[in-house]
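In what follows, a single structure is set out as structure tokens and then discussed.
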Amino acid sequence: MNIHVVAVFKFNENYLMEAVELFQTLVRETRKEEGCLQYDLIEDKDNKGTFFMVELWESEDHLNRHNGQDHLLDFRRDVSKMLESSTMVYKGFKTL
């Protein structure tokens, strides 16, 4: 069963250019992963510094493997100092 993920990031405005560069690497590498069906970065049009990562994975196992990938671990380490607040992550299965 496919699993959907939405992660919400709120960055300090001083780090937006750096954050986008880190996202570019993360998105490029993640899209190569087995089981990744969608991995899109969306910037909130009304709230500067707020981004949504919209993900669709073939299975929860694929998502779990993704969570251990070096490019994701590197991203988490590098953005931690740039975030204005904790990242919110929502996971679920399509119901309708």
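The values are calculated or read from the model by the stated rules, or taken from the named source; none is laboratory data. Being a predicted model, the structure only gives us computed values, none of them experimental. Positions of Cβ are generated from backbone atoms using ideal geometry, with glycine treated the same way; all protein chains shown enter the neighbour counts.
Before moving on, here are some points about what is shown:
- Scanning region 43-63 for residues that are surrounded by 12 or more Cβ atoms within 10 Å (Cβ to Cβ) and either of a type in the set (A, V, I, L, M, F, W, C) or free of Cβ contacts under 8 Å to residues at least 24 places away in the same chain (or both) yields E43, D44, F51, F52, M53, V54, L56, W57, L63.
- Among the residues of region 28-42, those identified as touching a Phe, Trp or Tyr at 6+ places or on another chain (Cβ under 8 Å), surrounded by 13 or more Cβ atoms within 10 Å (Cβ to Cβ) and not small (G, A, S) are T30, C36, L37, L41.
- Some residue of region 52-64 being among the acidic types (D, E), at pLDDT 95 or above and in a loop (DSSP other than H, G, I, E, B): yes
- Residue in region 14-27 that is surrounded by 13 or more Cβ atoms within 10 Å (Cβ to Cβ), closer than 19 Å to Q69 by Cβ, in contact with a Leu (Cβ under 6 Å, 6 or more places away or on another chain) and aromatic (F, W, Y) present: yes
- The residues in region 67-86 that are assigned to a helix (DSSP H, G or I), free of Cβ contacts under 8 Å to residues at least 60 places away in the same chain and surrounded by 11 or more Cβ atoms within 10 Å (Cβ to Cβ) can be counted, and the count is 7.
- Number of the exception - K48 against (1) in contact with a helix residue (DSSP H, G or I) (Cβ under 7 Å, 6 or more places away or on another chain); (2) outside any loop (DSSP other than H, G, I, E, B); (3) of a type outside the set (A, V, I, L, M, F, W, C): (2)
- All positions within region 54-65 that are more than 19 Å from I42 (Cα to Cα), out of contact with any Phe, Trp or Tyr (no Cβ under 7 Å at 6 or more places or on another chain) and not basic (K, R): E58, S59, E60, D61, H62, N64
- Note on region 10-45: residues that are farther than 13 Å from D78 by Cβ and touching a helix residue (DSSP H, G or I) at 6+ places or on another chain (Cβ under 8 Å) amount to 9.
- Residues (among the β-branched types (V, I, T) and assigned to a helix (DSSP H, G or I)) located in region 1-41: V20, T25, V27, T30
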